[in-house]
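Please read the structure below before turning to the comments.
The values are calculated or read from the model by the stated rules, or taken from the named source; none is laboratory data. It should be emphasised that the depicted structure is a prediction, and the values quoted were computed from it without experimental measurement. The accessibility values were calculated without ligands, DNA or RNA, using every heavy atom of the protein model including side chains. Shrake-Rupley method; radii C 1.70, N 1.55, O 1.52, S 1.80 Å.
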Amino acid sequence: MMSNMSSDYILENSEQTESFGQSLALALKSNPSKHAVLIFLEGDLGAGKTTMVRGFLRGLGFKGRTKSPTYTIVEPYQLEELTVYHFDLYRLASPEELEFIGIDEYLTDPNAICLVEWPEKGEGWLKQPNISIKLDYYNDGRKLRLMVHSEAVLDKLAIKSDGES
C-alpha cells in the first residue's frame, strides 16, 4: 500500500468546482483496475459535493440533468464506456443498508466509477477509496483537499495543484 498523496486547491466559485470535477473525470476516464474506482466526497451540507459530481459527469460527456440521490441513495449514469454511480448516504439509518442495495456489485464493476457522498455513513461496509475529496468553506469559495490512496490512480492524475503535502 502506498502512502497517501494529498494536494490542496482553492476554488473561488461553483464554476471552478465543476471544472475541477471535469479535470478529475478526464484523468480517470480509463480504469486499469479490475474493480470500480471509488471516490469519497466529504464536506458539510452545501459545500459543493453534488456540484463536483455535475462537473465530473460533464467531463465524461454527460449532457443531462445531474440529480442528487438524497432519497434514492444511488443515481446511475450510463455513459459510452462506463457507468458512474453517484451515491448519497446521508439518509442511511445504518451502514448495513448498503448490503440491501447491493453495494458489492457496484464496487466490483471494472467499468464503473462510484462517487460517494457522506461515506462515513457506510463505515465498515465500504472499502478503502482510491480517492478522497474533502470540500470546506473558504472565504466566499471552497478549499478542496484531494487525497489519493491508490498508486494506479495517482499515475493517471495530471491535475495541477497549488501545493502538495
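Counting heavy atoms of the protein chains alone, MET5 has an accessible area of about 40 Å² for a 1.4 Å probe.
Per DSSP helix of 4 or more residues, -39500 (n - 2.57); summed, then divided by the residues of the chain. What does that give at 222 nm, rounded to the nearest 500?
Mean residue ellipticity, 222 nm, calculated: -6500 deg cm²/dmol.
Relative to the current alpha-carbon distance between THR72 and ARG58, full extension at 0.36 nm per residue lengthens the span by 2.9 nm.
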